[in-house]
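Here the structure comes first, spelled out in structure tokens, and everything after it is commentary.
Any read-out appearing in this document is the output of simple, stated calculations on the displayed coordinates, not a laboratory observation. Since the model is a prediction, treat every value here as computed from it, not as a measurement. Here Cβ is always computed from backbone atoms with ideal geometry, including for glycine, and neighbour counts include all displayed protein chains.
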Amino acid sequence: MTFDEFSGEDLEPQPLPEQAAPRRVRIKTDLGPPPGIRLGTNGKSPTTGRDVVFDVRDLSISYGPKTAVANVSFKIYRNLITAIIGPSGCGKTTFIRSLNRMNDSVPGFGINGEILYHGHNVYGGGVDRVEVRRRIGMVFQKPNPFPKSIYDNVAWAPRNLGMRKGLDERVEKAIRQAALWDEVKDRLKSSALSLSGGQQQRLCIARALAANPEVLLLDEPCSALDPISTAKIEELIDELTDDYTIVIVTHNMQQAARVSEFTAFMYLGELVEFDSTSKMFTAPHDQRTQDYITGRFG
Amino acid sequence: MLYGLCVLAALLAVATIVEIAYQVFHGARPAIDKSGLGFLGHTTWKPNDGIFGAGTFLLGTVVSSAMALALAAPIGISIGLYLSLLAPKGLRGIVSPLVELLAAIPSVILGFWGILILAPWLNKHAEPALHKVLGFLPIFGPVPTTGASIFTAGLILTIMVVPIVASISRDLFLTVPSELQDGALALGATRWETVRGVVLPSTASGVAAACCLGLGRALGEAIAVAQVIGAGNQIHKSLFETGDTLASRVALQFPGALSKEHFAALFYLAAILLVIGLVTNLLAQWIGRRFDVQRAVAR
Amino acid sequence: MTDMTTETLFDPTAPLTASGNLRRRQLVSGLAESAATGAALLAITVLGIVIYAVIARGAAALSWDFLTKNPPAFGSGGGIAPAIVGTAVIVGLGTLIAAPVGILTALYLTEFARGRIGNLIRLTMDVLNGVPSIVIGVFVFGLLVRGHHQSGFAAAVALAIIMLPLVARSAQEVLLLVPGSLREAADALGVARWRSVLGVILPSAMGGILTGTVLAVARAAGETAPLLLVSSIYPNGVHTNPFSSGLANIPVYIFNASEQADPGGFTRAWGAALVLMAFILITSLGARALLARSRRKLTR
């Protein structure tokens, strides 16, 4: 896969207030998608023939009396990258953590509405949240490798899951998928904590992949990383989209524009706009989206 | 002026520990000169005949404390896990201080309860049952007529060690970053797999130090053990028989010591105890040097 | 890297109920959780049983006479007044020794000490905390009783040694909570260190230090082993002079009762245990609550 860059485009359609600097955004346009799917403004739906992985319906989340997410509805499609952007405190992390029930143990957590995963309510009766999390993996803001060897980090989930056969191959494959193999293949037994921040984060991605998930949730995966590591991870995310459905939360709009096909913009707990990324960054419907992507706030 | 006072106070503390070691070894000197390290292995203790050996008490100390630790470590660690990871917040605020209260009950009261209530009950119910099921093991031999035994002492010590291990390990588990636990959960791990795979490994040395401190507490306990162990002079295979520990023997015979030799031998027992106490304590400090394990104890 | 060979062990559209080995894993996890909950329950049950036993049997002995009368030479009736008074004198005197030394040591550690000496003293305190109390009794016996006679003072010294590391430790923790900005403010005014310590740091930490001391008192009040060696022979009746002889005290009273087979003695001992336990549980619970409050105050 490639992504074209037309970095010269200035997206500033309106005069700016003086405190905001114009932002330049590079947009991922060519998806190399399966036949029948085109993004852009040619009138055809970009999602024709795509499976819906998540169907979020009227979702509201509260912590005690505080509402964190209000009436959010949209769909997340298979093998596409969906980005969720918005200023800090807009509920995007709460939202993404609710997709694999990572919020369950937060005190006061309450949920209304539905999150349908392949038609099954994630919060429905009889649902096992451990099963949910196995199928919907997650990588967090801060790299959080276990204080174990590199190998054991990746092998941990397969061992739990009873996938002991061909463990070495599975570990190698996951590390390769995370584009980390060449850097660590000679020191699989050394501590994961000896890796650099960027390597640690890729190890966390490898660790998640080894559990054989269908979806990968990335919660600001690059916010603790330097630009070079960030570029590596973005490249990696792009490659993973062949095999996985990816949802990425980011406060970095350029990142959303670079890696995603769809973007959801959240503000004050509400979903302001959801559209194909190219449309979102070139012709947003909502004034607030416009303001945000042009750097008026956030 | 204030600085001087502070230095003086700090030096006084250091001097105290040195002085303790000096006094105890000085008092033990005659016995050390007379029987040397052979004292440790000698199993006869007859003050009337002037024969003194610590072997029986050393063994009794090790056996009763080992039993206490074997029971208290898993129970204490489990309680630590419950308090740090499982209990709802409101319940934690109630259960936590209750567990610490268990440590606040004076050993003399625990021992008094032990000999008057626990020991007869064990003697009548628990010991026969254990003998029936596990009697093929010599340590669960035939049940004698009184409940005063190494077994009872081990259980009383367990009650004393559990809150120590529980409160230290609770504090340790609370230090495990929630990001690590989230990382494990997000990989589709169950709660137990998260504990076993992430929480316990990253606190293992601290937990070991907690057990070490608990062991030190058990090894050094004199009063409660003296009350329930039966002050036996013989070594028995069965835990249900009487025995004695170093600390208990000092507590029981010191007030009525018969002779200078007797005193010296008791001082010698105390010296062994001091060494054991220092070793376990320093070992705990060393194993748990990444953690501040003393914190929960001092509270 | 577009290999599409990612195996699908799991059907992505299957319901989200437990699949594969998850049912077994959840069972194991559930069992482990029940075991942990059971362990906590067990500890509380034992606490309840012990407290209940002491209250149920001790209450029978408790009366005004019990608190104010002397024990009889033999038989039932009478009270434990000498032991109550003796314990108060010994613990009070021990606190008077341990509190200043402990607090000054803590001040030294937090305000003055640096590097190796600080670590040495910290280690000394931790080691002192690990010395079995019976050994402290033997030490004080060798130091003060041998060649002289038993005394309440010797008992107080023994308790002081037991309390010292506890007082120092808790005081140190409270002092460390005093915001550095307070120290800097005092330093910026050009005030000598000892003045800022006395005038600013100590007063703001005093509440916490005192409650920490009370906790140490609660711990020391029940200590029996050292008292058995240095204050177990005492005259009949209520005495308060700690230097002339050993003083009667509750822990030794209970211990002695447990070594004899006198039912009248047992009843009084249960009563004594109730008095001691009530004192210890109430002070330590109260102090804990206060300590938590003063910590919150300082950290806010």
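Overview of values
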read-out	value
In nm, spacing of pseudo-spin labels at residue C:188 and residue C:67 (7 Å Cα→C-beta vector)	5.3 nm
Whichever lysines have a C-alpha closer than 29 Å to that of residue B:132, once near sequence neighbours (fewer than 8 apart) are set aside	B:124, B:237
Residue exposure sequence - A:123, A:117 - by fewest surrounding Cβ within 10 Å	A:123, A:117
Alpha-carbon centroids, region C:228-276 and region A:258-298: separation in whole Å	80 Å
Efficiency of FRET between residue C:148 and residue C:259 - r from beta-carbon atoms, R0 22 angstrom, step 0.05	0.30
Positive-end residue of B:107, B:180, B:168, charge dipole of chain B with Cβ unit charges	B:180
For chain B, size of Cβ-based charge dipole, Lys and Arg +1, Asp and Glu -1, in debye	180 debye
Estimated distance in nm for a label pair at residue C:293 and residue A:159, the labels positioned 7 Å out from Cα along Cα-to-Cβ	4.9 nm
Cα-centred dipole magnitude for region A:188-298, charges only on beta-carbon of K, R (+1) and D, E (-1), debye, nearest 20	400 debye
Sequence-distant aspartates and glutamates (8 or more away, or on other chains) whose Cα lies within less than 14 Å of residue A:189	A:152, A:168, A:172
Listed residue (B:198, B:229, B:242) projecting farthest to the positive dipole end of chain B, Cβ model	B:198
Three-way shape call for region A:208-298 based on the alpha-carbon gyration tensor, with the a/c threshold at 1.5	prolate
DSSP loop GluC sites (Glu not before Pro) with at most 14 other Cβ within 10 Å: longest gap in chain C	C:8-258
C-alpha long axis of helix B:150-174 to longest principal axis of chain B, angle in °	30 degrees
Chain C: DSSP helices with Cα axial extent of at least 20 Å and average Kyte-Doolittle hydropathy no lower than -0.5	C:22-61, C:81-107, C:115-130, C:152-177, C:202-221, C:263-299
Scattering profile of region A:50-128 at q = 0.26 Å⁻¹ [log10 I(q)/I(0), Debye over alpha-carbon scatterers]	-1.43
Under 13 Å, Cβ to Cβ, from residue B:3 - net charge with Lys/Arg +1 and Asp/Glu -1	+2
Percent breakdown of C-alpha pair distances by 10 Å bin, ordered from the shortest bin, for the protein assembly as shown	2, 11, 18, 18, 15, 13, 11, 7, 4, 1, 0
DSSP beta bridge pairing in the protein assembly as shown, given as percent antiparallel to the nearest 5	60 percent
Hull shadow area, averaged, region B:202-284 [alpha-carbon convex hull, nm²]	6.6 nm²
Computed magnitude of the charge dipole of region C:92-248 (debye, nearest 20; Cβ of K, R +1, Cβ of D, E -1)	220 debye
Ordering of B:191-202, A:225-236 by packing [mean C-beta count within 10 Å, highest first]	B:191-202, A:225-236
Structure-based [θ]222 nm, the protein assembly as shown - -39500 (n - 2.57) summed over DSSP H runs of at least 4, per residue, nearest 500	-18000 deg cm²/dmol
Options C:36, A:153, C:280, ranked by Cα towards positive dipole end of the protein assembly as shown, top entry (Cβ charges)	C:280
Degrees between helix B:2-35 axis and first principal axis of chain B (Cα, 0 to 90, nearest 10)	50 degrees
Excluding exposed DSSP-loop chymotrypsin sites (Phe, Trp or Tyr not before Pro) (at most 16 other C-beta within 10 Å), longest clean stretch of chain C	C:75-242
Rounded if a/c under 1.5, otherwise prolate or oblate - chain B, Cα gyration tensor axes	oblate
Unsatisfied cross-links (Cα-Cα over 28 Å) in the set A:142/A:232; A:173/A:279; A:92/A:279; A:142/A:279	A:173/A:279; A:142/A:279
Net charge over other residues, Cβ less than 14 angstrom from the Cβ of residue C:232 (K, R count +1; D, E count -1)	-2
Net charge, residue A:78 excluded, C-beta distance under 10 Å - Lys, Arg +1, Asp, Glu -1	-1
Directionally averaged shadow of region B:139-275, computed from the convex hull of its alpha-carbon atoms, nm²	11.1 nm²
Whether region B:44-112 is rounded, prolate or oblate, judged on the alpha carbon gyration tensor where a/c under 1.5 counts as rounded	oblate
GNM flexibility winner over chain B from B:214, B:188, B:93 (Cα, springs under 10 Å)	B:188
Approximate spin-label separation residue A:242-residue B:175, in nm, with each point projected 7 Å along Cα-to-Cβ	4.6 nm
